[in-house]
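Please treat every number below as a calculation from the coordinates, not as lab data. Just so it is clear, the model here is predicted, and its values are computed rather than measured. Methodologically, a virtual Cβ is constructed for each residue, glycine included, from the backbone with ideal geometry; neighbour enumeration extends over all protein chains shown.
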Amino acid sequence: MKILSAIKSTVLFLLLTLVTQVGGVVYLCYKFIAALTLKKGSASTLFLKKLALFLLLYVIVSFVVVPPIAKHFGRVPLQIIANNKFPLQPRNLFYFVCNRHYVTPELRSAAMQIALDMRNNKPKVMLQYLDACFPFKNGFPLFPHKSHDDGEKLDLCFLYKDGNGNRANSPNFVGYGACELPRSGEKDQAAICEKQGYWQYSLLQKIISPLNATDHVFDEVANAKLLHRIAKHKSIRKIFIEPHLKTRLGLDDIDKIRFHGCGAVRHDDHIHIQL
């Protein structure tokens, strides 16, 4: 039983670290405090007390302790709730709760300026972001990404309309996996990568696509404007989208927009920007 308990604790520690960066450390603190204070009571009562203790510690560490320490690593959190001064917010609270919304001050400023420009443009839009980076240490991987490890990368949602032509969020709650597939005659980079043995390239799309809203339409006009605006910002040096979307949206002359390589995953479900 002790061996199984140790394996369970190790797996939880690794999983929490992988997903949130700080969750593993919080888990160790929780285990220490729980061993000292939570010894009596029924199994259900102890479970609820332990869960409450872990959640309390996690909230304190993530939202009180982490932000000021992150500044020493050159990282700041992105806006959580959009407002008129910063019309940008996460697609869902997972990215915020798991500390995946940290960037450098330069990237935060660039994202804010881009979001404001799009908010003041026609059609007016509010941007949503997905994964950014963790709060600490360059080189610490943000699973499952290969490059979100230095505070200089950010994923943005594409823009959509619903069946009535109104502005709509990404077709699924996750934000990833809602791919705008190549049309007949367009370059199918995903098929090319898969033929070369890169099995992971469309994996997320295959898993999540059943969750997509069927009435959402990729807004070509608004997305072209958004990508033009991103490319014009002097701080943004690279933008990743799929080759067929770059051509379809008339962006072939923009060198900042490029292909990310078959070793990554497809980018017709989100926009990757970086300094």
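Find, among the trypsin sites (Lys or Arg not before Pro) in region 200-270, those assigned to loop by DSSP (not H, G, I, E, B) with at most 10 other beta-carbon atoms within 10 angstrom.
K234
Of L36, L14, L88, the sequence from fewest to most neighbouring Cβ atoms within 10 angstrom is L36, L14, L88.
How tilted is helix 2-20 with respect to the longest principal axis of the chain? Cα atoms for both, answer in degrees (0 to 90, nearest 10). Once rounded, the angle reads 30 degrees. Axis angle, to the nearest 10 degrees, between helix 220-232 and the longest C-alpha principal axis of the chain: 80 degrees. Taking the Cα centre of region 76-274 as reference, the dipole from Cβ charges on Lys and Arg (+1) and Asp and Glu (-1) amounts to some 480 debye.
When only DSSP loop residues count, what trypsin sites (Lys or Arg not before Pro) in region 20-50 have their Cβ near at most 10 other Cβ atoms within 10 Å?
Values: sites: K31, K39, K40, K49, K50; in loops: K39, K40.
Loop-located and lightly packed - K39, K40.
Residues C193, C179, C262 in ascending order of nearby Cβ atoms (within 10 Å, fewest first): C262, C193, C179. Multiplying the residue separation of D215 and L56 by 0.36 nm and subtracting their alpha-carbon distance yields 53.3 nm.
The loop-placed chymotrypsin sites (Phe, Trp or Tyr not before Pro) in region 40-144, going by DSSP, include none that has at most 11 neighbouring Cβ atoms within 10 Å of its Cβ. Annotation for F259 and Q196: the two label points, set 7 Å from Cα along the Cα-Cβ direction, are 0.6 nm apart.
Packing-wise, with mean Cβ within 10 Å as the measure, how do 154-162, 140-148 rank, highest first?
Ranking the peptides 154-162, 140-148 by packing returns 154-162, 140-148.
Among the listed values (i) 19.7; (ii) 20.3; (iii) 22.3, the one computed from these coordinates for Kirkwood radius over Cα pairs in Å is (ii). For a label point 7 angstrom out from the Cα of S5 toward its Cβ, which stretches of region 45-60 have the backbone nitrogen within less than 19 Å? Under cut-off, by backbone N: 45-54. Using the Cβ-Cβ distance between N164 and T45 with R0 set to 35 Å, the FRET efficiency from 1/(1 + (r/R0)^6) comes to roughly 0.10.
Counting only DSSP beta bridges whose two residues both lie in the chain, roughly 75 percent are antiparallel. From least to most packed, judged by other beta carbons within 10 angstrom and beginning with the fewest, D255, D149, D131, D269 follow the order D255, D149, D131, D269. For the chain, the list of Cys residues with no other Cys C-beta under 4.7 Å reads C29, C98, C133, C157, C179. Think of each Lys and Arg Cβ as +1 and each Asp and Glu Cβ as -1; about the Cα centre, that makes the dipole of region 47-191 roughly 440 debye. The distance from the alpha carbon centre of region 151-230 to that of region 231-275 is 12 Å, rounded to a whole number. Once the Cβ-Cβ distance between K124 and L93 is put in as r, and R0 is 30 Å, what FRET efficiency do you end up with, to the nearest 0.05? Efficiency computed from Cβ-Cβ geometry: 0.80.
Using only Cα atoms, tell me the angle between helix 43-60 and the longest principal axis of the chain; keep it within 0 to 90° and round to the nearest 10. Long axis of 43-60 versus the principal axis of the chain: about 50 degrees.
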